[in-house]
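Note sheet for the following structure.
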Amino acid sequence: MKVWLAVIVALMSFTVEGTGEVLVGWCDETGPGEYREHVADYDKCLGFLSRVVEANELLSSYEMNSVAHSEREHTFFCSSSVDVEQLRQIFLQWSRTESGLGGVAKGNAAVGAFRHFWPCH
């Protein structure tokens, strides 16, 4: 039960208001030395993307340790070890090929990017 509560809290942290376009705005060209360098937006971007990965890891850990789940039925993506800046670059690379991110929740946009790069099958 504690694990599910932790997963729900982690999921809620990245499903709050905002669209994929908002996330792109936080992430695009806001890093140190970049054109629109903006520390607050850069920190929001990295924090948000790392929480998406954390929620995924919590869910994956629960599934792999649960008698009820022998497969990754609910895991969003199967990630490899990358740092948060690499997460940002992966998200931005994916977002440049996607249209309509204004109608997609930012959590779903991040999961879509990571699923594209790290599918579980």
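Per-structure values
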| quantity | calculated |
| --- | --- |
| Complete set of residues in the range 25-43 that are without any contact (Cβ under 8 Å) to a residue 60 or more places away in the chain, on the phi < 0 side of the Ramachandran plot and among the charged types (D, E, K, R) | E34, R36, E37, D41, D43 |
| Scope the range 92-121; condition outside any loop (DSSP other than H, G, I, E, B) and hydrophobic (A, V, I, L, M, F, W, C); matching residues | L92, W94, L101, A105, A109, A110, V111, A113, F114, F117 |
| Yes/no for A110 being crowded, with 19+ Cβ neighbours inside 10 Å, small (G, A, S) and at pLDDT 85 or above | yes |
| S61 being modelled with pLDDT of 85 or more, hydroxyl-bearing (S, T, Y) and surrounded by fewer than 20 Cβ atoms within 10 Å (Cβ to Cβ) | no |
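The values are calculated or read from the model by the stated rules, or taken from the named source; none is laboratory data. Keep in mind the model is a prediction, meaning the values are calculated, not measured. Because the Cβ atoms are built from the backbone with ideal geometry, glycine has one as well, and the counts that use them run over all protein chains shown.
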